[in-house]
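Below is one structure, written out as structure tokens; the observations come after it.
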Amino acid sequence: MTASDAGSLSRREWLLSDRPASRLQARLGRAYVAWRRFSANRLALVGMLIIIALLVVAAFADVLAPYSPTVGDLKNARLLPPGAAHWFGTDDLGRDIYSRIVYGARWTLYVVVLVAVIAAPIGLLVGTVAGYAGGWTDAILMRITDIFLAFPKLVLALAFVAALGPGIENAVLAIAITSWPPYARIARAETLTVRNSDYIKAVQLMGASPFRIVLRHIMPLCISSLIIRVTLDMAGIILTAAGLGFLGLGAQPPLPEWGAMIASGRRFILDQWWVAAAPGAAILIVSLGFNLLGDGLRDALDPRSGDQ
Amino acid sequence: MTAAIAIDGLEVVFDRFRALKGVNLEVREGESYGLVGESGSGKSTLLRAITGLAPVASGAITVNGKALGKTRDKAFYRDVQMVFQDPYGSLHPRQTVDRLLQEPLAIHGISDGEKRIERALDEVGLGKGFRFRYAHQLSGGQRQRVAIARALILEPSILLLDEPTSALDASVQAEVLNLLEEVRRRRKLTFLMVSHDLAIITHMCERLMVMQDGEAVETLTASQLIGHRVSEDYTRNLLRASEGFVRV
Amino acid sequence: MNGNRDAQPKGTLLEVDDLRVTFPTRTGLVQAVRGVSFSLGRERLGIVGESGSGKSQTGRAIMGLTPPQAEVSAKKLSFDGIDLLSISPRQRRALRGNRIAMILQDPKYSLDPVMTIGRQIVETLRTHEKVSKAEARERALEMLRAVQIRDPARVFDLHPHEVSGGMGQRAMIAMMLIAGPELMIADEPTSALDVTVQLDVLNILDRLVAERGMGLIFISHDLRLVSSFCDRVVVMYAGKVVEQLKASELRDARHPYTRGLLNCMPRIGFERHPLPVLDRKPEWAA
Ligand SMILES: Nc1ncnc2c1ncn2[C@@H]1O[C@H](COP(=O)(O)OP(=O)(O)OP(=O)(O)O)[C@@H](O)[C@H]1O
Ligand SMILES: Nc1ncnc2c1ncn2[C@@H]1O[C@H](COP(=O)(O)OP(=O)(O)OP(=O)(O)O)[C@@H](O)[C@H]1O
Ligand SMILES: [Mg+2]
Ligand SMILES: [Mg+2]
């Protein structure tokens with residue numbers, strides 16, 4: 001006990017050392033400080049737990065779900081209320097709602113991750129290039145951004161899906177295409193505040209190419225605000241995906257996507273409330289989780305909060 | 001002796017504002033040359049014009065015998081480096097000292113990086129303990145040492161110094177000035193140094209140019225300045241002012 | 001020439017007794033200010049000391065600009081009879097800028113990089129006084145002219161990175177002076193200015209003290225300047241006041257730290273290579 005205490009104490013000191021001896025130690029030390037700041041925020045931890053739970057559920061859906069998510073028992077199990085056999089009840093096709101929600105976690109994750117992977121880098125690239133290059137490049141890129149921003153996100157996504165055809169992949173694509181502009185704005189604003197700083201000039205004076213400056217010196221400064229923003233947006237992305245699913249333009253039956261599940265449950269909302277309530281609650285909890293996580297990340301990563 | 005830096009009729013124009021109005025300057029090889037003058041008179045602009053950071057409207061700049069065009073090639077930056085005034089603003093906030101020093105080496109594809117970094121840190125009096133620190137873990141004086149190490153790591157022959165000590169307190173200033181003198185002696189560097197403190201200029205430089213409103217007022221040797229053998233009123237004002245505040 | 005200087009300042013404006021500022025950091029508590037006491041009338045008080053000795057933190061504590069994680073305590077911290085530590089944040093904000101102003105060190109950081117200089121000054125003025133846009137602009141230009149900026153109309157429309165180091169600093173000064181404060185804390189206000197402009201700025205500050213009865217705390221590490229400009233000097237080392245003396249007597253300072261500081265400045269006509277540097281003794285910090 002005391003031995004492990006001493007061990008952990010010295011490990012902490014190693015991490016917090018103000019004269020690290022290697023690149024790795026410096027990095028880990030920095031990460032550790034961010035973690036300490038993050039974990040001081042209880043709600044952020046709750047958010048993180050929710051997201052971890054989502055990951056676990058998605059990964060082990062096969063084990064966690066007692067029934068098939070797509071094939072139901074039409075004869076005996078239509079619209080059963082929550083009970084011991086079916087925790088969240090069953091839907092109109094006799095499928096176990098709990099199992100569908102468990103599998104639905106995969107689709108939610110799929111949507112969220114794909115959108116983040118597509119939209120954030122586009123936004124980052126457009127924003128930093130526009131901000132750093134200035135002039136015509138800036139004007140053109142930002143006008144394009146403005147055009148995208150001028151339409152409500154759901155309406156624009158609807159238009160894209162209508163053009164591309166319904167389906168979850170197209171829904172993801174449509175959401176990604178409509179969600180990068182705010183990221184570009186953030187990245188550009190951040191770039192504008194640093195591009196005239198002496199430390200960027202110093203790199204120019206080393207003979208670095210503009211490409212290298214943007215990629216290696218400006219982007220790292222924008223990334224933390226972007227991560228925060230993307231995390232906070234996750235809830236919105238889930239809701240947009242659910243909205244598209246609800247309108248029948250996103251995931252197609254029998255995929256257990258939460259939004260689509262609510263859509264199919266709305267017919268029975270008054271008599272069999274659980275069909276729509278369970279996926280609704282799932283969306284609510286996961287959105288909340290991402291929001292809390294985003295708030296916590298803001299405290300931990302915000303470049304303006306000082307580095308002490 | 002050839003000129004390390006020769007500037008002829010240099011004009012710099014921002015939008016329509018003429019920041020430099022035809023300045024001539026010659027810095028000999030191995031010399032330490034000072035620039036003093038009114039705030040906003042274009043001293044920093046002059047240094048930036050040499051490094052290609054300011055829009056040159058007309059005039060010629062020659063460095064080590066080579067005439068410079070609109071753009072600078074990579075080789076230029078191995079010859080000329082600059083140290084900025086504000087040590088708090090000139091180091092990237094998200095990079096360790098190690099990373100800062102590695103960057104120029106990576107840009108120029110220099111392979112004996114490890115050795116150079118150690119040597120540069122040694123030379124500016126920062127031990128190994130500082131190598132993996134971030135800028136915010138350093139004091140102002142230490143930061144300025146890192147900035148000097150970064151400028152030295154490409155082994156330039158000319159160092160441009162823009163008020164390298166004005167953000168530092170007197171005791172640290174003395175340390176940094178001593179350091180600069182020492183590396184100059186050891187590496188036979190040419191200095192072009194801006195300062196608004198005449199005492200620092202006379203301490204560090206052999207010759208100097210006094211500037212006002214984008215123009216050169218006069219060129220002096222340090223001993224002329226010390227002996228108050230100056231011909232222009234503005235220089236005389238500067239000398240009087242540097243004796244301290246007098247209540248009128 | 002300094003006839004009015006030795007006259008006793010009427011009434012104290014600011015009283016500081018046993019001021020402490022403590023930062024919780026990852027490696028324990030850092031005491032940036034450790035029991036600083038002084039009082040200020042309508043006069044010029046210099047605070048000198050090396051980098052990290054707590055000069056800025058002292059000023060910031062008086063202003064109420066200490067970072068939120070830090071803790072400020074004092075036996076007494078009162079401005080014009082108002083106990084600064086017990087009033088509400090709102091009252092504090094109202095005091096700040098209106099009656100107490102601070103010229104922050106590092107103008108580059110204190111100015112907004114994406115707003116023009118003129119707009120920043122105008123906005124400062126308009127948060128304190130109800131004036132029309134045109135009048136605010138006039139006053140801002142006048143203020144820029146007062147701090148000896150050539151061509152104020154041009155500088156008005158420039159962004160902070162487009163002005164020289166010294167112009168940025170003067171813009172900052174103009175911004176703080178425009179509200180006409182009673183107590184001014186100037187943190188290294190002239191470090192980036194050439195000597196003649198420096199004297200002009202000091203003249204402005206001096207007039208405000210002499211004519212309007214402003215109290216001035218002048219933080220600097222330029223002992224030459226402090227000894228000629230201020231009435232009294234407080235010397236700080238490692239968060240403590242090690243010496244308080246009349247500015248005119250700075251040359252006869254007793255503390256080895258003060259003497260060392262005086263000694264390591266280069267002086268015109270005295271060749272010393274290398275310059276002497278401070279040999280810091282641990283007992284100074286005790
Ligand atoms: N990017 C820019 N755009 C417009 N004007 C500029 C720009 N950079 C500099 N200037 C102008 O050029 C003039 C000279 O500036 P510079 O920075 O060279 O002065 P300096 O002599 O270094 O002064 P200081 O001693 O205060 O640093 C100033 O009037 C400034 O406003
Ligand atoms: N946010 C912070 N967290 C922890 N310590 C801090 C923080 N800000 C300042 N300090 C510490 O407080 C001490 C005093 O700092 P301060 O800025 O007052 O110094 P100073 O006398 O103004 O120096 P300089 O001449 O460099 O401006 C320093 O040792 C510094 O490390
Ligand atoms: Mg300058
Ligand atoms: Mg300070």
Asked for the total accessible area buried by C and B (1.4 Å probe, Å², nearest 100), one would answer 3900
Which FRET efficiency, nearest 0.05, do residue A:76 and residue A:39 yield, Cβ-Cβ r, R0 51 Å?
-> 0.60
Taking amide hydrogens as modeled 1.01 Å from N in the peptide plane, which residues meet the under 5 Å criterion relative to residue B:161, leaving out close sequence neighbours?
-> B:83, B:192, B:193, B:194
So which residues of the range C:156-187 lose at least 40 Å² of accessible area, probe 1.4 Å, when you go from the chain by itself to every protein chain present?
-> C:161
Among C:50, C:142, C:129, residue whose mean-square fluctuation peaks in a GNM of chain C (springs only between Cα atoms under 10 Å) | C:129
How far is the Cα center of the range B:18-56 from the Cα center of the range C:32-90, in Å?
-> 41
Please give, to one decimal in nm, the separation of the simple spin-label points placed at residue C:200 and residue B:58, each 7 Å out from Cα toward the Cβ.
-> 2.9
Starting from the eigenvalues of the Cα gyration tensor, five times each then square-rooted, give me the equivalent ellipsoid semi-axes of the range A:137-244, largest first, whole Å.
-> 33, 14, 12
Of all the accessible heavy-atom surface of chain B, with the other protein chains kept in place and a 1.4 Å probe, what percent is carbon and sulfur?
-> 46
Return, ordered by residue number, the residues of the range B:152-192 whose backbone nitrogen is under 20 Å from a label point located 7 Å along Cα→Cβ of residue B:73.
-> B:154-158
5 angstrom amide H check on residue C:30, placed H, neighbours 5+ away = C:23, C:25
Qualifying lysines (Cα of each under 18 Å from Cα of residue C:240; at least 8 residues distant if same chain) | C:55, C:75, C:76, C:281
Which residue, C:240, C:130, C:75, tops the fluctuation ranking in a GNM of chain C built on C-alpha contacts under 10 Å?
-> C:130
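Based only on the alpha carbon positions, what is the Kirkwood hydrodynamic radius of the range B:3-242, in angstrom? Kindly include the intermediate steps, with their values, before the conclusion.
Details: mean 1/r = 0.0543 Å⁻¹.
Value: 18.4 Å, from the Cα pair sum.
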1/(1 + (r/R0)^6) with r = Cβ-Cβ of residue A:46 and residue B:24, R0 = 56 Å, i.e. FRET efficiency to nearest 0.05, evaluates to 0.20
Name the lysines eligible as straight-distance cross-link partners of residue B:43: C-alpha to C-alpha under 23 Å, and not fewer than 8 places from it in the same chain.
-> A:201, B:21, B:66, B:70, C:108
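Sort chain A into rounded, prolate or oblate with this rule: let a ≥ b ≥ c be the square roots of the eigenvalues of the Cα gyration tensor; rounded if a/c is under 1.5, and if a/c is not under 1.5, prolate when a/b is larger than b/c, oblate otherwise.
Values: a/c = 3.18, a/b = 1.44, b/c = 2.21.
Oblate is the answer for chain A, as a/c is 1.5 or above yet b/c matches or exceeds a/b.
Sort the range B:1-95 into rounded, prolate or oblate with this rule: let a ≥ b ≥ c be the square roots of the eigenvalues of the Cα gyration tensor; rounded if a/c is under 1.5, and if a/c is not under 1.5, prolate when a/b is larger than b/c, oblate otherwise.
Values: a/c = 1.41, a/b = 1.12, b/c = 1.26.
Rounded shape, in that the Cα axes give a/c under 1.5.
The range B:132-241: which GluC sites (Glu not before Pro) are DSSP loop and have at most 12 other beta-carbon atoms within 10 angstrom? Please report the intermediate quantities before stating the final value.
Numbers: sites: B:175, B:181, B:182, B:206, B:215, B:218, B:232; in loops: B:206, B:232.
For GluC sites (Glu not before Pro) across the range B:132-241 that sit outside H, G, I, E and B with at most 12 neighbouring Cβ atoms in 10 Å, the list is empty.
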Can you give the charge dipole size of the protein assembly as shown about its Cα centre, rounded to the nearest 20 debye, using +1 on the beta carbon of Lys and Arg and -1 on the beta carbon of Asp and Glu?
-> 820
Of A:248, A:223, A:287, whose Cα points farthest to the positive end of the dipole of the range A:151-308 (charges on the beta-carbon: +1 Lys, Arg; -1 Asp, Glu; origin at the Cα centre)?
-> A:223
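Using the crude model of +1 on Lys and Arg Cβ and -1 on Asp and Glu Cβ, and no other charge, please compute the dipole size for chain B relative to its Cα centre, in debye to 20. Please report the intermediate quantities before stating the final value.
Details: 32 positive and 32 negative charges, 124 e Å.
I would put it at about 600 debye.
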Counting only heavy atoms of protein chains, what accessible area per residue, in Å², does the range B:3-242 have with a probe of 1.4 Å?
-> 34
Taking only the alpha-carbon positions of the range B:116-248 as identical scatterers, the Debye log10 I(q)/I(0) at q = 0.12, 0.16, 0.17, 0.20 Å⁻¹ comes out as -0.56, -0.88, -0.96, -1.18
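Which percent of the accessible area of the range A:97-308 is formed by carbon and sulfur heavy atoms (probe 1.4 angstrom)? Can you show the working numbers first?
Details: 6040 of 8610 Å².
Result for the range A:97-308: 70 percent of the exposed heavy-atom area is carbon or sulfur.
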Karplus couplings for the range B:63-69 from phi (6.51 cos²θ - 1.76 cosθ + 1.60, θ = phi - 60°), rounded to Hz, Gly and Pro as x?
-> 10, 6, x, 9, 6, 9, x
Solvent-accessible area per residue for the range A:97-308 (1.4 angstrom probe, square angstrom) | 41
Under the 7 Å Cα-to-Cβ spin-label approximation, residue B:239 and residue C:273 lie apart by a distance in nanometres of 2.2
May I have the pair-distance distribution P(r) for chain C, computed from all Cα-Cα distances with 10 Å bins from 0 and rounded to whole percent?
-> 6, 27, 34, 24, 8, 1
Picking from C:175, B:42, A:56, whose Cα lies most toward the positive end of the charge dipole for the protein assembly as shown (charges on Cβ: Lys, Arg +1; Asp, Glu -1)?
-> A:56
Search the structure for amide H atoms under 5 Å from the amide H of residue B:28, placed 1.01 Å from N in the peptide plane, and list their residues when 5 or more places away or on another chain.
-> B:4
If one compares the long axis through the Cα atoms of helix C:195-212 with the longest principal axis of the Cα atoms of chain C, the angle in degrees, nearest 10, works out at 80
In the protein assembly as shown, taking the dipole from +1 charges on Lys and Arg beta carbons and -1 charges on Asp and Glu beta carbons about the Cα centre, the listed residue (C:226, B:141, A:154) farthest towards the positive end is A:154
For the protein assembly as shown, what does the equivalent ellipsoid look like in terms of its semi-axes, each the square root of 5 times an eigenvalue of the Cα gyration tensor, given largest first in whole Å?
-> 57, 32, 27
Quick one: among C:198, C:69, C:148, which has the greatest mean-square fluctuation in a GNM of chain C with alpha-carbon springs under 10 angstrom?
-> C:69
Mind running the shape call on the range A:1-154? Use the C-alpha gyration tensor, a ≥ b ≥ c as the square roots of the eigenvalues: rounded below 1.5 for a/c, prolate if a/b tops b/c, oblate otherwise.
-> oblate
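The values are calculated or read from the model by the stated rules, or taken from the named source; none is laboratory data. The structure presented is a predicted model; accordingly, all values stated were derived computationally and were not measured. Glycine also receives a Cβ, built like all others from the backbone with ideal geometry; neighbour counts cover every protein chain displayed. These area figures cover heavy atoms from the full protein model, side chains too; ligands, DNA and RNA do not enter into them. Shrake-Rupley method; radii C 1.70, N 1.55, O 1.52, S 1.80 Å.
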